[in-house]
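What follows is one structure encoded as structure tokens, with my remarks underneath.
Quick note: the coordinates plus some simple rules give every number you see, no bench work behind them. Not measured: the values here are computed from a predicted model. Heads up, the Cβs are rebuilt from the backbone with ideal geometry, glycines too, and the neighbour counts pull from every protein chain shown.
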Ligand SMILES: NC(=O)c1ccc[n+]([C@@H]2O[C@H](COP(=O)([O-])OP(=O)(O)OC[C@H]3O[C@@H](n4cnc5c(N)ncnc54)[C@H](OP(=O)(O)O)[C@@H]3O)[C@@H](O)[C@H]2O)c1
């Protein structure tokens, strides 16, 4: 059983990716979430509707021991399963000016995006190297490329994943494992639902927020065999915001 794991697959971009992979690929879809079980179940329903199989694996990506224990348990129950695709999508924001930023707002954001990438990818990387095939896609952000005021924590976390993407890509390229990052601008999800869309689209040449499905299409291509010669890249998907 060949599998694609999507962290934060319960909602928003992650859910759209699970659904798109269900349509476009043969993978068994592993839907990770942290707290929102109902949304994860809804995503699984949509995956099955599209003729694919899948299952839900709950863990907090920022907790190394929890990730290791849950994934070890899963692998023990499914010894034949091979995770060929990892989409490190789970992420949070805790916006605020740096001068007032609490250590908790700094740490939680970094732990989710950056340590989440480490915890999940590190668990699978030796198996992927042995398997001599893999696709890793890291969800970063325009903030991690150009920096966004009010998001020093988030920009730092995503910028670190940008650099990690480039480094790991070079380590594992010989074994047919590609590592790329996708850097969305404003995408309409729960994460951006509190933003003033009318005001912010003035910054976007395309003049609208993007849809989660548009990001999912790009990820689906990057994890396919067609994208074999693309690695170490950070691909912007932001409606033309210069970054
Ligand atoms: N929306 C945008 O405009 C935008 C732009 C650039 C980049 N991004 C990035 O794209 C990714 C997805 O964003 P989104 O807009 O789809 O966000 P969202 O709608 O807020 O969904 C976040 C997802 O991440 C999961 N999650 C959060 N913390 C987690 C943890 N510690 N462990 C496991 N899962 C966790 C959530 O699970 P629960 O449902 O269980 O809470 C949920 O499935 C994030 O990395 C975000 O930084 C988004």
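From the helices alone, meaning DSSP H stretches of at least four residues, give me the mean residue ellipticity at 222 nm for the chain, per-run term -39500 (n - 2.57), in deg cm²/dmol to the nearest 500.
-13500 deg cm²/dmol
Relative contact order of the chain, please, whole-number percent, based on alpha carbon pairs below 8 angstrom and at least 6 residues apart.
20
Over region 65-202, calculate the relative contact order: mean separation of alpha carbon pairs under 8 Å at least 6 apart, over the residue count, as a percent.
Value for region 65-202: 27 percent.
Enter the Cα centre distance for the pair region 97-150 and region 9-65, rounded to the nearest angstrom.
Here the answer is 19 Å between Cα centres.
Work out, step by step, the length gained on full extension between residue 190 and residue 176: first 0.36 nm times the residue separation, then minus their alpha carbon distance; give nm to one decimal.
Result for the pair: 1.5 nm of gain on full extension.
Cα axis of helix 64-77 to longest principal axis of the chain: angle in degrees, 0 to 90, nearest 10?
Once rounded, the angle reads 30 degrees.
Round to the nearest 10 and give me the degree value, 0 to 90, for the angle of helix 152-172's Cα axis relative to the longest principal axis of the chain.
40
Stretch residue 126-residue 94 to full length: gain in nm at 0.36 nm per residue minus the Cα-Cα span?
8.2 nm
Using only the Cα atoms of region 2-237, build the gyration tensor, take square roots of its eigenvalues as a ≥ b ≥ c, and label the shape rounded, prolate or oblate: rounded if a/c is under 1.5, else prolate if a/b is larger than b/c, else oblate.
In terms of gyration-tensor shape, rounded.
Against the longest alpha carbon principal axis of the chain, how many degrees, from 0 to 90 and to the nearest 10, is the axis of helix 12-24 turned?
Between helix and principal axis, roughly 40 degrees.
Give the peptides 17-27, 149-159, 37-47, 101-111 in descending order of average Cβ contacts within 10 Å, highest first.
Ranking the peptides 17-27, 149-159, 37-47, 101-111 by packing returns 17-27, 149-159, 37-47, 101-111.
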